[in-house]
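Peer 1: Questions regarding the structure given below will be posed in turn.
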Amino acid sequence: MIKKNNIKKKYKLKTGDDVQVISGNYKGKTGKITSVVTKKGRAFVSGINEVKKHVKPSAKYPRGGIIAKSASINISNLMYLDSKTTKRCRIGRKLDKDGKLQRYSKATGDFIS
């Protein structure tokens, strides 16, 4: 019997992709994905969803205080930003010349490295 928790989800957005927020408080803002949490379906994007966090004094923060930290955003609220056209587009997957499955932009048809 297979549990649902053991199934790994496959997302088309990866770390390092330029994305645009399509809904929510940060709609229209762009940034680069710093990390993806596949189990929760969320991603951390630089410059988006910054929150203030109170921290106690520790070795890393000797004085403690309030720090700015980026929070995660749902991956369904993000869309890939094509570098050539600078417009958002959908992503597909197809075989390249070598028979390897690659991501490609559905708007232009070009492969995404």
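The values are calculated or read from the model by the stated rules, or taken from the named source; none is laboratory data. If you're wondering where the values come from, they're calculated on a predicted model, not measured in any experiment. Using ideal geometry, Cβ is built from the backbone for each residue, glycine included, and neighbour counts are taken over all protein chains shown.
Peer 1: Report, ordered by the first and then the second residue, all pairs with beta carbons closer than 6 Å, sequence separation of six or more or different chains, a first member in region 41-68 that is over 16 Å from Asn25 (Cα atoms), and a second member that is modelled with pLDDT under 95 and among the acidic types (Asp, Glu).
Peer 2: Filtered contacts from region 41-68: Ala68/Glu50.
Peer 1: Which condition breaks for Lys94 when tested against (1) within 18 Å of Lys10 (Cβ to Cβ); (2) under 18 Å from the mean Cα position of the chain (by Cα)?
Peer 2: Just one mismatch for Lys94, condition (2).
Peer 1: Take Gly31 and tell me if it is out of contact with any Ser or Thr (no Cβ under 6 Å at 6 or more places or on another chain) and of a type outside the set (Asp, Glu).
Peer 2: On the way: out of contact with any Ser or Thr (no Cβ under 6 Å at 6 or more places or on another chain): no; of a type outside the set (Asp, Glu): yes.
Answer is no for this residue.
Peer 1: Any residue at all in region 75-88 that is loosely packed, with under 10 Cβ neighbours inside 10 Å and within 18 Å of the chain's Cα centre (by Cα)?
Peer 2: No, because not a single residue in region 75-88 is loosely packed, with under 10 Cβ neighbours inside 10 Å and within 18 Å of the chain's Cα centre (by Cα).
Peer 1: Another question about this same structure. Could you tell me which of the residues Lys97, Lys69 is at pLDDT below 95 and out of contact with any strand residue (DSSP E or B) (no Cβ under 6 Å at 6 or more places or on another chain)?
Peer 2: Going through Lys97, Lys69 in turn, the sole match is Lys97.
Peer 1: While we're here: Before we move on, is Lys69 surrounded by 11 or more Cβ atoms within 10 Å (Cβ to Cβ) and assigned to a strand (DSSP E or B)?
Peer 2: Yes: the conditions hold for Lys69.
Peer 1: Yes or no: region 41-63 includes at least one residue that is outside any loop (DSSP other than H, G, I, E, B), of a type in the set (S, T, N, Q) and surrounded by 16 or more Cβ atoms within 10 Å (Cβ to Cβ).
Peer 2: no
Conditions (1) aliphatic (A, V, I, L, M); (2) at pLDDT 95 or above, marked per residue:
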{"site": "Asn5", "(1), (2)": "no, no"}
{"site": "Val37", "(1), (2)": "yes, no"}
{"site": "Lys40", "(1), (2)": "no, no"}
{"site": "Val45", "(1), (2)": "yes, yes"}
